[in-house]
1. Please report, for the Cα atoms of segment 39-170, the Rg to one decimal and the Dmax as a whole number; what are they, in angstrom?
2. Pairs of lysines 8 or more apart, or on different chains, with alpha carbons under 19 Å: count those in the chain, would you?
3. Only residues of segment 179-196 count here: report those whose backbone N is under 16 Å from the spot 7 Å along Cα→Cβ of ALA47, or say none.
4. Check the cysteines of the chain one by one and keep only those with no other cysteine Cβ under 4.7 Å from their own.
5. Which helices count as membrane-span-like in the chain under these terms: full DSSP H, at least 20 Å along the axis by C-alpha, Kyte-Doolittle mean of 0.0 or more?
6. Along the Cα→Cβ direction, 7 angstrom out, place labels at THR105 and VAL27. What is the inter-label distance in nm?
7. Of all DSSP beta bridges located in the chain, what percent are antiparallel, nearest 5?
8. Can you give the Rg to Rh ratio of segment 1-102, both from alpha-carbon atoms, with Rh computed by the Kirkwood formula?
Amino acid sequence: MSHDHEGSAAVSNRVKLLVTALQERSVLTEAQLDDTVEKLLLHSKPANAFAMVARSWVDAAYKARLLADANAAAAELGIDLSHWSPVKLRAVENTPVSHKVIVCTLCSCYPIALLGPSPTWYKSEAYRSRVVRDPRSVLAEFGVSLPDEKEITVWDSTAEVRYLVIPQRPAATENATEAQLAAMITRNGLIGTALL
Ligand code: FE
């Protein structure tokens, strides 16, 4: 998948030309294309990642596997990211001393196969340029005020690697079920622009 900076009209025009060329050469059938798009659009939703994060909070061994190989950890829960290959998902964990936030400074790369479409602000020039230079101020605008001593690490997505933030488990949830924990997670929490 390309990682260019053209306008969406130019990109969609190129996609149309490419699809036509592939179909004319019998490299790709319309059914295969429909199948891929359907997988992306129908099965990509934040609930996928909510389930992964909630599992990681109740199962330390699962969290270790999630941090080591997020694609395999997704597959364990029946979330198939194989159609997204060769893009790899990498989970990064918030801790008491370190907060993580994700961005794509070059364009708008995002864990779309897992979460679905990205929010508009994620694609904005303002977010992409400012969160790298001054993450603390940008996070404050999202209502996330972090103490000065807490380190903020910004993970810049690429065409090959997309990031997922594992938020800290909310306080006083010792008795919560996995499903209850999953319901406490937000999409922005997975990007790092919200606390839970
Ligand atoms: Fe990008």
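1. So, for segment 39-170, Rg and Dmax equal 14.7, 42 Å respectively.
2. Working: LYS39/LYS88; LYS45/LYS88; LYS45/LYS123; LYS63/LYS88; LYS63/LYS100; LYS88/LYS100; LYS100/LYS123; LYS100/LYS150.
Taking the chain as the scope, the lysine pair count is 8.
3. 179-187
4. Isolated Cys, the chain: CYS107.
5. Values: long enough: 8-24 (24 Å, 0.48).
Qualifying helices: 8-24.
6. 3.2 nm
7. Details: 1 of 13 bridges.
That works out to approximately 10 percent antiparallel.
8. Numbers: Rg = 17.7 Å, Rh = 16.3 Å.
Over the Cα atoms of segment 1-102, Rg/Rh equals 1.08.
No lab work stands behind these numbers, since they all come straight from the coordinates. Just so we're clear, the structure is a prediction, and the values are computed from it rather than from any experiment. So basically every Cβ, Gly included, is an ideal-geometry build from the backbone, and we count neighbours across all protein chains shown.
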